[in-house]
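The values are calculated or read from the model by the stated rules, or taken from the named source; none is laboratory data. These numbers were taken from a predicted model, which means no experiment stands behind them. Don't worry about glycine lacking a Cβ; one is built from the backbone with ideal geometry, like all the others, and counts go over all protein chains shown. All accessible areas refer to the heavy atoms of the entire protein, side chains included, with ligands and DNA or RNA removed. Shrake-Rupley method; radii C 1.70, N 1.55, O 1.52, S 1.80 Å.
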Amino acid sequence: MILRSLTLAIVTLLLFSSCDEDDDTISIGLLAEHRGVYINDFYTAGILGNDALEDDLLAWVDVNDFTDIYLYNIGDALGDGLDDDLRAFVNKAHNEDPFVKVSFVSAGFGDSFSEIEGYHDGRKDSRPDGIVSEIEFWNGTMNYLDNYEPWIDRLNDLKFTPPPGMAGPLNPGVTRQFYIGKIKDPGLPPSLLIAKELVLHHDEIFLTNYHTDAWNLSGSIEENSIVNKLNLLAQAGMELNQQVNIVILFNVNQSSLAPEIWDYFATTATDHEFEEAFVEWSNDYQASTAITNKEFLNIKGFGIYRYTDALNARP
């Protein structure tokens, strides 16, 4: 235990003293393999197709050391005929140094997903690196079987099944990314069965970690707490003998009903870089004895929800 604590202290010290090569500011380095941000206004604010706004977005992503961006309203953009603009932007992001991974946010398995499937056809040079769900099957009148499993089936087909007349699948390299708030159907307790289904079909699970001091590992023991969600996924991983890849989500949306930590990052408040929340959270996670079967959890990094608020926090 003393050795582990010393190692964590040394890693943290090194992280907090490394230098960002792009802007010569102090950065905390590369503890997180995955460092993502939701671009909520990518289409609605006219960023897509506007070279100057696209360049501003990618410059901000670079300065803040993000590796991944998740783009909203892709189905709408494609439905409005902006295929070529989207392809150009994906290529632009991929040509950044360092390379920026692009994920499309998917709201379901209807027309929106059909647009995404059509986008992939025959376009090997500008395909997204990931597709992330925005289907809250744990809320309202939805449920896993009717509202999430069909989306997973469509995504698995895109990744694994060659369409008629094609030699291979549309996007075999796509990362299947599942945004998860609760591992349950509405009105029911957390479900190991659903957890196992998520683990079997995932490449990365984006796990909400929304509370007022989210840079700490919450001590809550409520059924949908971050500790309980991690324990449930770890149990599923253990029983399936499969590693579970986790991305921890931090909320900075100031208009959200969920707890957020905008002040933690804001240059006008406590002025922490985005990865600092993950560094602090990771130290708590490593030290925690409340989470079992950690060997089946791979905490890959973090995501920030969402860009408009993150930009206001750290212009």
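Considering the stretch 240-287, the residues that are closer than 23 Å to I183 by Cβ, surrounded by fewer than 19 Cβ atoms within 10 Å (Cβ to Cβ) and of a type in the set (A, V, I, L, M, F, W, C) include one that is nearest to the chain's Cα centre (by Cα), namely A258. Cβ separations smaller than 6 Å between residues 6+ apart or across chains give the following pairs from the stretch 277-288 residues that are over 17 Å from Y264 (Cα atoms) and polar (S, T, N, Q) to residues that are at pLDDT 95 or above and crowded, with 16+ Cβ neighbours inside 10 Å: S288/L217. For the stretch 234-255, the criterion of a residue being touching a Pro at 6+ places or on another chain (Cβ under 8 Å) and under 24 Å from T289 (Cα atoms) is satisfied by no position.
Contact annotation: residue pairs with Cβ atoms under 9 Å, 6 or more positions apart or on different chains, pairing a residue in the stretch 165-182 that is closer than 17 Å to V132 by Cβ and of a type in the set (V, I, T) with a partner that is in a strand (DSSP E or B) and open to solvent by 20 Å² or more (accessible area, probe 1.4 Å), are T175/K101.
In the stretch 128-165, the residue that is farthest from the chain's Cα centre (by Cα) out of those that are of a type in the set (A, V, I, L, M) and in a helix (DSSP H, G or I) is L145. Checked against (1) at pLDDT 95 or above; (2) polar (S, T, N, Q); (3) open to solvent by 20 Å² or more (accessible area, probe 1.4 Å), S133 meets all criteria but (3). If you go through the stretch 256-292 and pick out every residue that is of a type in the set (S, T, N, Q) and either farther than 25 Å from M238 by Cα or touching a Lys or Arg at 6+ places or on another chain (Cβ under 8 Å) (or both), you end up with 5.
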